[in-house]
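> Questions regarding the structure given below will be posed in turn.
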Amino acid sequence: RARELKQLKINNRLFCRRILNCSCVFFLHLQLIGSGAAAQVITSQGTHGSYLTMQLGSALGAVFGIFVSRGVSGAQLNVVWSMSLWILGRQPWRKVPLYALSHLLGAFLGAATVYLQYYVCIWDAGIFCSRVTCPNATAGIFCSYPADHLSVWGGIVDQVVATALLLICCLAVEDRRQGLLPDGLAPVLVGALILTIGLSMGSNCGFPLNPARDLGPRLFTFIAGWGEEVFKAGGGWWWVPIVAPFVGGLLGTLIYELLIEVHHPHTPQSPGQESEAVELEEVVVDSGNNRTTPLFHSSLF
């Protein structure tokens, strides 16, 4: 009994460290680099960057975020990914809301930091305005808003498709039976995936993909001067990048499991793989799966 209690305390300390790690990494890399890249382009009116540089900033922020956090938390930097792991039976459900709260905190603090960095430019009354929908609005630095041509239903479809693609590809990268990747390649592939989605699906609403990445900064802009318009713009758009990614994540998980994973040959693991799995269980006490440590990525902006 004493041994079980000791192991429980160890597990709890490990999980607390992972939660703090996720929050800090979300703040430092995903939000600071992603929103920072957008702020540089928007406040300079395109003289210091372009749409491509914003996508590169978000993708590289995810790459370095994964590198920094994968040894502690497995780089679970998107609650949709955490939900997918729970659906697949690779982590308990109680961890999902805790990861979500840590992401929300990190995104909020990251948005606040970018705001402080670009405060003078953002509130330059001669150029920019505090409205969300005016031509020179700056609210889009922090969270997503739909293009003029996009309806709420169109936004739902956009986010479901984009997040489903994200999960399908991430599950493929993490699937050992697709072939082992060289160490360090997986974060780069995830960053390339985010860049690809941004370049092919970003014009509708900036491909949020990550509920916390959108909601945290939206809450910050609500109290920082943009007001309730951040929730009213786009016909009440704000809930779409929060709800639709979960639907897309579920769809992508089911597609990968039913069309790809169940069709893998049921071959036993090699001794080296078995040893790696044992070592992983010792480091990630709650894993309970036979795969590599979860990557993750996030979706920025």
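Taken together, the values in this text are just the output of simple stated rules run on the coordinates, not laboratory data. Bear in mind that the values here come from a model prediction, so they are computed numbers and not experimental data. Neighbour counts run over all protein chains shown; Cβ positions are idealised from the backbone, glycine included.
> Please report the net charge: other residues with Cβ closer than 12 Å to the Cβ of residue 238, K and R +1, D and E -1.
Result for the local shell: -1.
> Can you tell me, using C-alpha contacts under 8 Å and at least 6 residues apart, the relative contact order of region 2-265 as a whole percent? Don't skip to the end; give the middle numbers.
Details: 367 pairs, mean separation 65.8, N = 264.
This gives 25 percent for region 2-265.
> Continuing with this model, one more query. Which value, in debye to the nearest 20, describes the size of the charge dipole of region 82-174 about its Cα centre when Lys and Arg Cβ atoms bear +1, Asp and Glu Cβ atoms bear -1, and nothing else is charged?
That gives a dipole near 380 debye.
> Among residues other than residue 35 whose Cβ falls under 13 Å from its Cβ, what is the net charge (Lys/Arg +1, Asp/Glu -1)?
Cβ neighbours under 13 Å give a net charge of +1.
> Go ahead and run the numbers for FRET between residue 119 and residue 94, Cβ-Cβ distance against an R0 of 51 Å, rounding to 0.05. Walk me through the intermediate numbers first.
Values: r = 39 Å, r/R0 = 0.76.
Efficiency at R0 = 51 Å is approximately 0.85.
> Could you bin all the Cα-Cα distances of region 2-265 into 10 Å bins starting at 0 and give me the percent of pairs in each, rounded to whole numbers?
7, 29, 36, 19, 7, 2, 0
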